[in-house]
Structure formats: C-alpha cells, structure tokens
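Asks: Here it is, the structure in full.
No value in this document is a laboratory result; all are computed from the given coordinates. The shown structure was predicted, so the numbers you read here are calculated from the model rather than taken from an experiment. No Cβ is skipped: glycine too gets one built from the backbone with ideal geometry, and neighbour counts run over all protein chains shown.
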Amino acid sequence: MTKRELIEEIGARRKSLAYREAETIVNAVFDAMTSALERGERIEIRGFGSFAVKHREARLGRNPRTGVAVTVESKRIPFFRAGKELRAGLNGAAREESSQES
C-alpha cells in the first residue's frame, strides 16, 4: 500500500473527510513518527508493532563491482518489529489460504 492508497482508504472509510483533510492527517502522523525517531524515541502502536532506531557501527565493506575495500560510516537506521496481533493475523490468514487450496 502506498501513501496515496492509504489516504484514499481513509477517505473511503470516512466520507465526511475531503481528500486534502485525509492527506493532512496522514502527513501529520508520518511527520510525528519521523520526529520521534529522530529524537531516538521508540514508537509503539498496540496491535500493530513498534518502531525504534538502531545504531550500526562503522565497518569495512566491499564495493560489489570492484571488490575494493571501502569504509562504511556508522549510522542510525529505523527498525520495525511486528506486534503479536499483526503476526497472528498474518499467519492465520496464511493458514486459511493454504487450507482452502488443499
């Protein structure tokens, strides 16, 4: 699902919201999440999952084309861990599909 599809889904579920209003809501949520992660905070959405920032140390890597060793600087990366309910829903849906195919 893309950001645009998410905005359209919100608009479809809430007929009273104009497209621009749904777009503003989605952008505000993403901006708030980005700001929290930039500050190093953890975000937890019950039933969905959690977002955190992990630190990757500097390391020696290789250029895949030439094989030459290059230094990869340390960096912070976003990390998502799915919640129990989301995993159960996905795995339950996968089991239902496989049992219907048999």
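Asks: Just to confirm the filter: which trypsin sites (Lys or Arg not before Pro) across the range 1-96 are DSSP coil and have at most 12 other Cβ within 10 angstrom of their Cβ? Don't jump to the answer; show the numbers that get you there.
Replies: Numbers: sites: Lys3, Arg4, Arg13, Arg14, Lys15, Arg20, Arg39, Arg42, Arg46, Lys54, Arg56, Arg59, Arg62, Arg65, Lys75, Arg76, Arg81, Lys84, Arg87, Arg95; in loops: Arg14, Lys15, Arg39, Arg42, Arg46, Arg65.
Listed in order of number, the matching sites are Arg14, Lys15, Arg39, Arg42, Arg46, Arg65.
Asks: How much mean residue ellipticity at 222 nm does the chain get from its helices, if each DSSP H run of length 4 or more adds -39500 (n - 2.57) and you divide by all residues, to the nearest 500 deg cm²/dmol?
Replies: The helix contribution divided over the chain gives -16000 deg cm²/dmol.
Asks: I'd like to know how the chain sits against the 2.2 N^0.38 Å rule of thumb: what's its Cα Rg over that expected value?
Replies: So the Cα radius of gyration is 1.55 times the expected 2.2 N^0.38 Å.
Asks: Relative contact order (percent) for the chain, with alpha-carbon contacts under 8 angstrom and 6 or more residues of separation?
Replies: Dividing the mean separation by the residue count of the chain yields 19 percent.
Asks: Right, next: If you plug each phi of the range 51-58 into the Karplus form 6.51 cos²θ - 1.76 cosθ + 1.60 with θ = phi - 60°, what whole-Hz ³J(HN,Hα) values come out, in order, with x for Gly and Pro?
Replies: 10, 8, 10, 10, 9, 9, 6, 5
Asks: Running a GNM on the chain with Cα contacts under 10 Å, which residue among Gly47, Gly61, Gly83 ends up with the highest mean-square fluctuation?
Replies: Gly61
Asks: What share of Cα pairs, in percent, lie more than 15 angstrom apart in the range 1-41? Write down the numbers at each step before the final one.
Replies: Working: 363 of 820 pairs.
Cα-Cα pairs of the range 1-41 separated by over 15 Å account for 44 percent.
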